[in-house]
Amino acid sequence: MRRTLFGTAAKAGAALVLVVAAATSASAQAKPASGGFSAGYTDIGPVIGLGNLGSASAAFGGRLEHAIKPLPDMGGGILGLEAAFDYYSWSNTLFSYKYIPIGVTANYHFKLDEPKWDPFVGLGLGYRIITCDYSGPGGSNLCSNSAIYFIGRAGVRYFFSPSMAAYADAGAGAATLSLGVTFKMP
């Protein structure tokens, strides 16, 4: 199972690198991005998470964020609301674990003179659904558990164009580091 999951993660990671490389190449030939993350902006996109619990090689998930409003009294930044969903699993000879963290964060997006870059920090709450199977002596399922957890996150977007950006976040949640691509919703 671990070998299959790792192979799938490696293929997904290679595909993500190809998409980002193609977008970078296309954006180099296009006019500079404008707009960036501003009030009313909404995007969605897939992520691959690295640095998970146990022997999990990768998490797969998505991010959806909407820019709520400017915060002129807080350095001119923007308040965004982000929803995150991830899935990862791992197993050994006795246990098989599955994690499904679902979270919501309020993100503060810093105001920069360069609209291609969008750094942010966020705090929020999540609900982690945890299930596991035990196949050792006694056959008891001792570890299924779900719980609310706190989220602390820092991240950045880099806009290739006004409608597409590379995305990265790090912190508490599904993975130590999540990488992806986001697409502006109309």
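Throughout, read-outs are computed from the coordinates displayed, never taken from laboratory work. Bear in mind that the values here come from a model prediction, so they are computed numbers and not experimental data. A quick note on method: Cβ atoms are made from the backbone with ideal geometry, for glycine too, and the neighbour counts reach across all protein chains shown.
Working ranking of peptides 78-89, 62-73 by packing, defined as the average number of other Cβ atoms within 10 Å per residue, highest first, is 78-89, 62-73. By the beta-carbon count within 10 Å of each Cβ, the least crowded to most crowded order of Trp90, Trp117, fewest first, is Trp117, Trp90. Comparing segment 35-165 with the 2.2 N^0.38 Å rule of thumb, its C-alpha radius of gyration ratio is 1.30 (two decimals). The residues Tyr149, Tyr41, when put in order of fewest to most other Cβ atoms within 10 Å, stand as Tyr149, Tyr41.
Exposure proxy shown here: for Met164, Met185, the number of other Cβ atoms within 10 Å sets the order, fewest to most, as Met185, Met164.
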